[in-house]
Amino acid sequence: MAEYEALIGMEVHAELLTESKMFCGCRNAFGGEPNSRCCPVCIGLPGALPVMNKKAVEHVIRTALALNCTITPNAKFDRKNYYYPDLPKGYQISEYDAPIGVNGWLDIEVDGKETRVRIRRVHLEEDTGKLFHVVGNVSHVDYNRSGVPLMEIVTEFPPDMTTPEQARAYLVKLRSILTYIGVSDGKMEEGSLRCEPNLSVRLRGSETFGTKTEIKNLNSFRAVYRGIQYEVGRQIAMLERGEKVVQETRGWNDAKGQTFPQRSKEEAHDYRYFPEPDLVPLQISEAWVEEIRSTMPELPDAARRRFVQQYGLPAYDADVLTQTRAAALFFEETVRQCNDPKAVSNWMMGDFARLLNAENREIGESRVTPKMLAEMILLIKDGTISGKMAKELFEKMFATGESPRKLAEAAGPQITDSGAIQAIIAKVIGEMPDVWAALCAGDEKKFGFMVGQVMKASQGKANPQEVNRLLRERMQQG
Amino acid sequence: MAALYNLTAHELSAMLSRQEISARELTESVIARIEAVEPKVRAYLTPTHDLARQQAAEVDERRARGDSLSPLAGIPLALKDILCTRGIRTTCASKILHNFVPPYDATVVSRLREAGAVCMGKVNLDEFAMGSSTENSAFGPSGNPWDVERVPGGSSGGSSAAVAAGEAIIAIGTDTGGSIRQPASFCGIVGLKPTYGRVSRYGLVAYASSLDQAGPMTRTVLDAAMVMNVISGKDPRDSTSVDLPVPDFTQACRPDVHGVRIGVPKEFFAQGVDTAVAQCVREAIETLCELGATAEECSLPSIEYCLAAYYIIAPAEASSNLARYDGVKYGHRSREWAGHIGLMEKTRAEGFGAEVKQRIMIGTYALSAGYYDAFYKRAQQVRTLIRRDFDRAFSQYDVLLTPTAPTTAFRIGEKADDPLAMKLADVCTLPANMAGIPGLSLPCGFIEGLPVGLQIYGKPYDEETLLRVAYTYEQATDWHTRRPAL
């Protein structure tokens, strides 16, 4: 079989975190009673006019700076004309040939290999309403989302990404930056962050480009990865069979793990862009850009490097902990209170992450605060609780939000008394004489196992340092 | 004493404030007049007499309490039915909005309401302001009070007819290519298209956003100034409205044109302009010179391309502005359709008139991929050239004087089959919209019993000079005192 390569581009839409919508005073929020956040402007009543939300423009400038873009001083808005019932004016206010940010890049790393993904443009537009198809021949439209500020980030052509892993890494990093700088909440499942990859395949080494398809409704990182993987495979299979790939937009069926045709190129619109006459061109002064630049928070890359340097963390830990600003802030605050970076990192990446994932929650949405985690780590360090006890305690703390000290008191004290521990050791040896014999004969691998058994027998309450010490003592006794 | 409905806003305002008459009396006088002549004039699409009586009563109460009131308090007003009025049907003279009741007031409307102007109703226009005669109204044409067999001009023909007939004291029109000035000219009244940005467009149903502007249509220059005082100024809801101080425009109404330099652009007296009309305008210029102004011929060479460029830009913007009428949210919805595309298509096919459809198609074509550069972009370049022509002219002259329309009012149906001839009716007025400058029309004579309009162009945001020159001329003549015999 011939060797193919894929070329993957990406369009990302992010709803911006602003108080009000893009061109009117309606509140920008998710969900709610249909059509409860609407006004003449965002439902496109005759005569209503848009007024630009400056904060949204600022968010886009901030994003463009974070993505190393050049800012267009006289960016402007244009009308993108097309008909759909969820688009109340019959056109979307967008930016066509003078977007706010151009020619940026984002460096990503996959398996130790760094790739620079060039970004063609970052622009601002308004979101549409939502259609709900009711049973029979009836549909309803909810315009709550209509006019919500929406940012579009488009990668450069020809694409710099060639694998689904890279595409996922790009998205993960982009989402991390957007949440870091506070312009988006990055919630893919709520649709506040939407990703539309486009891709084509060609024989490796070929100078020409294959026909590309675009994939829509991918609402998780996993779906993006799987969708691209599937689509690359589908296109290669078609070429192998001597068929031609059709230029089209394809939907993603997550249950089947397949893409399916949605809209062909023939149905593509001529958007008849022209400058929006209801708005004056933006004038983005150097001073405004500098003001935004000067209030830019530390970005994930810089935070990662600093975490390695300042806290002596492994690169992997630093990487994970800086994926969201909330996590990075949580980490630093916890370390400030307990001064044990590695322990904090272990808890955050281990039990804490596992419990959050299980409930599909973000770190900021958890009952566990930095103060609580720090307190618990200090309890372990001063020997009040054992590591094993701590694991149970953490789960309780996660579930109830109760302070670790109170939970530790309720669980009862740690066993530090030598006599009590020696008794448990004797009991365990009695139960597994073979293992004990092997250990005493020099099989060091059995030592950890024995420690574990003793801890288990003490229901996790024995002080592990004492268990270690007394086991060694007992070994020397033979 | 003349009937109240025949007086000017300025006269009536003084009588009201001296409490010689009440707002209710005035309103009843106008209602009676409407009842008498409306069958011939057909200016009103939606009369609001109950509301008018209520507003008049409120004004009288406030005056009785000793509140300080705007000079427009109690003055009967007609609103072109393209300005959104809260709770009052706003049709744009289109079937597609025949049942549309806006939940909000246009900024112009709310400012007039706050000033206490009494709303007599919504008046006729060409559908979506596309036309020069009101013949494109889905509800039929209005009659010109000077000869009801003739058109009142357009698109603000309901406004001009109502004011000329005494069915309102003041009216608001909108002007995208001459729609205030040409009907003012045809009906023998004053019409002012302010500088683009001077008056908020919020709530003015858009035809061509970069050209539309609302303005006063009144019996006298001073009345126009009074209305301007109320409706002008920055509106946070309209990004294209300009944040400039609003002067007291009535102060500009003083008889003084000494040293005023008048330019007379020769292109506006060229072919197509009726010689008798041109003669009236030249006599008006002579009158102003006798009063102390100086005049000389000048040239605006790019004007030649103005009509062509206008009929790219205006339809292009219209094709987008009118896309929202799809039967989904408000207005007409076809009863027979399949699918949401079908719903839109049937609704629009049934709801729009022929002229509107034609302009939507022209505009859609002009913006289409592959044609944009040749049409829309070039038209915008022409617009820049026209602006430069005016800049050059205004470096030498304070005002430019031209005929408002090439002819007097034509007969209903006369140009209905000749769309080009109809569009040429706007040839003298289009340049103001393309350049964004102010233009004023006032009566300067009569030909065979039909009024002739003199158009005055001024520098951007210099409505004051326009008003001063117009006022000086008006005070030296008596055209504005004539009333049609209905």
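I'd like to know if region B:360-376 contains one or more residues that are more than 11 Å from every other protein chain (Cβ to nearest Cβ) and small (Gly, Ala, Ser). Taking every residue of region B:360-376 in turn, at least one turns out to be more than 11 Å from every other protein chain (Cβ to nearest Cβ) and small (Gly, Ala, Ser). Considering only residues in region B:98-120 that are under 21 Å from the mean Cα position of the chain (by Cα) and part of a helix (DSSP H, G or I), the one that is farthest from B:Gly331 (Cα to Cα) turns out to be B:Ala115.
Residue-by-condition table, conditions (1) farther than 28 Å from A:Tyr82 by Cα; (2) touching a residue at least 24 places away in the same chain (Cβ under 8 Å):
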| residue | (1), (2) |
| --- | --- |
| A:Arg204 | yes, yes |
| A:Ile215 | no, yes |
| A:Asn219 | no, yes |
| A:Gln229 | yes, yes |
| A:Lys244 | yes, yes |
| A:Gly257 | yes, yes |
| A:His269 | no, yes |
| A:Trp288 | yes, yes |
| A:Glu291 | yes, no |
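Hey, among the residues in region A:372-402 that are of a type in the set (D, E, K, R) and not in a helix (DSSP H, G or I), which one's most open to solvent (accessible area, probe 1.4 Å)? Among those residues, the one meeting the criterion is A:Asp382.
Scanning region A:72-111 for residues that are open to solvent by 20 Å² or more (accessible area, probe 1.4 Å) and more than 24 Å from A:Met161 (Cα to Cα) returns A:Thr72, A:Pro73, A:Asn74, A:Lys76, A:Lys80, A:Tyr82, A:Tyr83, A:Tyr84, A:Asp86, A:Lys89, A:Tyr96, A:Asp97. Scanning region A:217-234 turns up no residue that is open to solvent by less than 30 Å² (accessible area, probe 1.4 Å) and among the hydroxyl-bearing types (Ser, Thr, Tyr).
Here's the yes/no breakdown for (1) aromatic (Phe, Trp, Tyr); (2) at negative phi; (3) touching a residue at least 60 places away in the same chain (Cβ under 8 Å):
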{"site": "B:Val227", "(1), (2), (3)": "no, yes, yes"}
{"site": "B:Gly233", "(1), (2), (3)": "no, no, no"}
{"site": "B:Val246", "(1), (2), (3)": "no, yes, no"}
{"site": "B:Arg254", "(1), (2), (3)": "no, yes, yes"}
{"site": "B:Lys266", "(1), (2), (3)": "no, yes, no"}
{"site": "B:Gln271", "(1), (2), (3)": "no, yes, no"}
{"site": "B:Asp274", "(1), (2), (3)": "no, yes, yes"}
{"site": "B:Cys280", "(1), (2), (3)": "no, yes, yes"}
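The C-beta contact set for region A:101-112 (first residue more than 11 Å from A:Asp301 (Cα to Cα), second residue small (Gly, Ala, Ser), distance under 6 angstrom, 6+ apart or interchain) comprises A:Gly101/A:Ala64; A:Val110/A:Ala169.
Looking only at residues of region B:46-91 that are in contact (Cβ under 8 Å) with a residue 60 or more places away in the chain, of a type in the set (Val, Ile, Thr) and more than 12 Å from B:Ala23 (Cα to Cα), we find that the one that is farthest from the other protein chains (Cβ to nearest Cβ) is B:Thr48.
The condition of being part of a strand (DSSP E or B) and under 22 Å from the mean Cα position of the chain (by Cα) holds for only one of B:Ala78, B:Ala93, that being B:Ala78. For region A:327-366, a residue qualifies if it is surrounded by 16 or more Cβ atoms within 10 Å (Cβ to Cβ) and within 15 Å of the chain's Cα centre (by Cα), and the qualifying residues are A:Ala327, A:Ala328, A:Met349, A:Leu356, A:Ile363. Taken as a whole, the structure places B:Val101 among residues that are free of Cβ contacts under 8 Å to residues at least 24 places away in the same chain and either in contact with a Lys or Arg (Cβ under 6 Å, 6 or more places away or on another chain) or closer than 22 Å to B:Ile360 by Cβ (or both).
With the requirement that a residue be surrounded by fewer than 20 Cβ atoms within 10 Å (Cβ to Cβ) and either closer than 18 Å to B:Asp373 by Cα or more than 14 Å from every other protein chain (Cβ to nearest Cβ) (or both), what does region A:274-291 give you? Within region A:274-291, A:Pro275, A:Ser285, A:Glu286, A:Ala287, A:Trp288, A:Val289, A:Glu290, A:Glu291 meet the criteria. Mind listing just one residue for me: the one in region A:191-208 that is part of a loop (DSSP other than H, G, I, E, B) and surrounded by 13 or more Cβ atoms within 10 Å (Cβ to Cβ) and, of those, modelled with the highest pLDDT? Here the answer is A:Ser192. Can you name the residue in region B:310-324 that is open to solvent by 10 Å² or more (accessible area, probe 1.4 Å) and over 17 Å from B:Ala435 (Cα atoms) and, of all such residues, is farthest from the other protein chains (Cβ to nearest Cβ)? Among residues in region B:310-324 that are open to solvent by 10 Å² or more (accessible area, probe 1.4 Å) and over 17 Å from B:Ala435 (Cα atoms), the one farthest from the other protein chains (Cβ to nearest Cβ) is B:Arg324.
Quick test for you: out of A:Val141, A:Val172, A:Val154, A:Val135, pick the one residue that is away from chain B (no Cβ under 14 Å), of a type in the set (Val, Ile, Thr) and over 20 Å from A:Ser220 (Cα atoms).
Testing whether each residue is away from chain B (no Cβ under 14 Å), of a type in the set (Val, Ile, Thr) and over 20 Å from A:Ser220 (Cα atoms) leaves just A:Val135.
Annotation: of all residues in region B:377-392 being surrounded by 19 or more Cβ atoms within 10 Å (Cβ to Cβ) and either free of Cβ contacts under 8 Å to residues at least 60 places away in the same chain or under 18 Å from B:Tyr461 (Cα atoms) (or both), the one that is farthest from the other protein chains (Cβ to nearest Cβ) is B:Asp389. Is there a residue in region B:204-219 that is more than 14 Å from the chain's Cα centre (by Cα), away from every other protein chain (no Cβ under 14 Å) and modelled with pLDDT of 95 or more? There is no residue in region B:204-219 that is more than 14 Å from the chain's Cα centre (by Cα), away from every other protein chain (no Cβ under 14 Å) and modelled with pLDDT of 95 or more.
Applying the criterion of being among the charged types (D, E, K, R) and closer than 30 Å to B:Ser133 by Cβ to the residues of region B:36-89, the residue that is surrounded by the most Cβ atoms within 10 Å (Cβ to Cβ) is B:Lys80. If the condition is being in a helix (DSSP H, G or I) and either modelled with pLDDT under 95 or aromatic (Phe, Trp, Tyr) (or both), then region B:346-368 contributes only B:Tyr365. Restrict the check to region B:394-401 and report whether at least one residue is of a type outside the set (S, T, N, Q), in a loop (DSSP other than H, G, I, E, B), open to solvent by less than 50 Å² (accessible area, probe 1.4 Å) and within 27 Å of B:Ala316 (Cβ to Cβ). Within region B:394-401, not a single residue is of a type outside the set (S, T, N, Q), in a loop (DSSP other than H, G, I, E, B), open to solvent by less than 50 Å² (accessible area, probe 1.4 Å) and within 27 Å of B:Ala316 (Cβ to Cβ).
A single member of B:Ala295, B:Ala278 is assigned to a helix (DSSP H, G or I), away from chain A (no Cβ under 14 Å), small (Gly, Ala, Ser) and open to solvent by 10 Å² or more (accessible area, probe 1.4 Å), and it is B:Ala278. Inside region B:150-162, residues that are under 18 Å from B:His480 (Cα atoms) and touching a Lys or Arg at 6+ places or on another chain (Cβ under 6 Å) make up a count of 1. When the test is whether a residue is surrounded by fewer than 22 Cβ atoms within 10 Å (Cβ to Cβ), outside any strand (DSSP E or B), out of contact with any Asp or Glu (no Cβ under 6 Å at 6 or more places or on another chain) and within 14 Å of chain B (Cβ to nearest Cβ), A:Val41 does not pass it. In the condition set (1) open to solvent by 10 Å² or more (accessible area, probe 1.4 Å); (2) within 22 Å of the chain's Cα centre (by Cα); (3) of a type in the set (A, V, I, L, M, F, W, C), A:Phe157 is compliant with all but (2).
Among the residues of region B:142-169, those identified as part of a loop (DSSP other than H, G, I, E, B) and open to solvent by 10 Å² or more (accessible area, probe 1.4 Å) are B:Trp146, B:Val148, B:Glu149.
The values are calculated or read from the model by the stated rules, or taken from the named source; none is laboratory data. Being a predicted model, the structure only gives us computed values, none of them experimental. No Cβ is skipped: glycine too gets one built from the backbone with ideal geometry, and neighbour counts run over all protein chains shown. Side chains are part of the model used for accessible areas, which takes the heavy atoms of the whole protein and leaves out ligands, DNA and RNA. Shrake-Rupley method; radii C 1.70, N 1.55, O 1.52, S 1.80 Å.
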